[in-house]
Amino acid sequence: MDILITGGAGFIGSTIASAALDAGHRPIVLDNLVTGRREFTAGRVFYEGDISDRALVHRVFDENPDIAAVVHCAALIVVPDSVAHPIDYYRANVTKTIDLVETVVERGCRRLIFSSSASMYRPSDDFSVDESSPLAPTSPYARTKMVVEGVLEDIAAATDLRVLSLRYFNPIGADPQLRTGLQLAAPSHALGQLVDRHRAGQPFALTGVDYDTRDGSGIRDYVHVWDLALAHVAALERFDDALAGDRHAVVNLGTGTGTTVKELVAAFEEVTGDRVEVVEHPRRPGDSAGAYTRSDRAREVLGWEARRSVQDGIADSLAWFEKRGTVLPDLAG
C-alpha cells in the first residue's frame, strides 16, 4: 500500500519507511528537514515542506492518489527544549497536526497512525503502566502528545477518520542494515549520549540519581527502533482489526522490561568491553523517573512483540555511529 509518513526523514520516521519498503509497501515522505535529513529520503518519494502547508499536502495526495494511510511522526521531541520553549512545541506538535489532519480528512483518507509517547503516563509504584494507566505528563512535550491524542479522538468521533495512537517508550539502536540512525549532532537521550561521549573519550553525564528506583537513576523501557518500525508495519497491515470497531485506540510499544540508566551503562560496558566514566548531575527540567509497559495489547491486536535486546540496541547504535559519517558527511569524525 501507499503510505504517507510525516517526519519520514527523521530517526524513527525513516526507519519506519525502511521497514515499510522491506514489507513491499510504498512510503511517501513529507518532512521540513528541521531535524530530518535529506540523505534519509534517497530512493523514496519525498516532498520537502511543512505538514501545515495545506496546499502541499493536497499536492501530495493529488500526485499519490492511492495513499491508504498516514503515519504521523513529525514533531519536536526534546523534553528540556519543550520546557524552555513551550510555544514552539505547542505550535509544531499541536497546531500543525490539526492543520495536517484537517487536510487528510478532506482528502478522504480514513486511517491515521499517530506517533505518541508513553511519557504522558503517571507510573504505578513499580513504574509499570498499561494503556489504562492515569495520565500525568511532566513536560510540555509530553503534554502536547496527550493533547493531540484528545484532538484526534474528537476528530475521529465526528468524521470518517480512524486513529491508532502508538505510545512509544524509549527507542534505541538503528536500522540493522544501517540505512539510517540517529542524525543529531548532539543526541539528547541516554544511549546517544553514551555513544557520543565514549567516542570522544569523555565522561557520561548521568542526570538524576535521586529517583525512587532500585538504584536511584531513571528507569526506561528501551525498545529497539527496528522493532518499533516493524510494529508500525503490523499496525498498517492490521489497522482495521486492531481498532475492532473503535474510532480511536491506544497501544503501548515497549519491551515490558524496565532498565535503569545505571543498568544501561553496565550493558554498554558489557558490549564495548570498556569502562564508562560517569559523572552524576541533577535532573534536567521536565525529566521524570520513567516507566515501562506491562501491557500485552500490542501482541494481542498487532501480533507484535519486541525481539531485540538492550545489548542489540547498543551494538547497532555503535555500528551506526561508525558508519554515520559516510551517510551524513557533515557529522563525520
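Numbers below:
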| quantity | calculated |
| --- | --- |
| Top-ranked residue in the range 245-288 [being small (Gly, Ala, Ser) and crowded, with 18+ Cβ neighbours inside 10 Å; ranked as farthest from SER317 (Cα to Cα)] | ALA249 |
| Number of positions in the range 50-94 that are in contact (Cβ under 8 Å) with a residue 60 or more places away in the chain, under 25 Å from ALA229 (Cα atoms) and among the hydrophobic types (A, V, I, L, M, F, W, C) | 12 |
| Residue match in the range 222-242 (condition: hydrophobic (A, V, I, L, M, F, W, C) and more than 22 Å from ALA17 (Cα to Cα)) | no |
| Residue among ASP130, ASP175, ASP160, ASP196 that alone is touching a Lys or Arg at 6+ places or on another chain (Cβ under 6 Å), within 30 Å of ASP22 (Cα to Cα) and not hydroxyl-bearing (Ser, Thr, Tyr) | ASP160 |
| Matching residues, the range 1-17, being out of contact with any helix residue (DSSP H, G or I) (no Cβ under 7 Å at 6 or more places or on another chain), open to solvent by less than 10 Å² (accessible area, probe 1.4 Å) and either farther than 15 Å from ILE51 by Cβ or among the acidic types (Asp, Glu) (or both) | ALA17 |
| Looking only at the range 18-53, and only at residues there that are hydrophobic (A, V, I, L, M, F, W, C) and part of a loop (DSSP other than H, G, I, E, B), the one that is least open to solvent (accessible area, probe 1.4 Å) | ILE51 |
| Matching residues in the range 196-247 - criterion: being aliphatic (A, V, I, L, M) and under 20 Å from VAL310 (Cα atoms) | ALA205, LEU206, ILE219, VAL223, VAL225, LEU228, ALA229, LEU230, ALA231 |
| Residue within the range 54-75 that is within 20 Å of the chain's Cα centre (by Cα) and either part of a helix (DSSP H, G or I) or surrounded by fewer than 18 Cβ atoms within 10 Å (Cβ to Cβ) (or both) present | no |
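The values are calculated or read from the model by the stated rules, or taken from the named source; none is laboratory data. Values in this document were obtained by computation on a predicted structure and should not be read as measured data. Positions of Cβ are generated from backbone atoms using ideal geometry, with glycine treated the same way; all protein chains shown enter the neighbour counts. We work out accessible area using only protein heavy atoms, side chains counted, and drop any ligands, DNA or RNA first. Shrake-Rupley method; radii C 1.70, N 1.55, O 1.52, S 1.80 Å.
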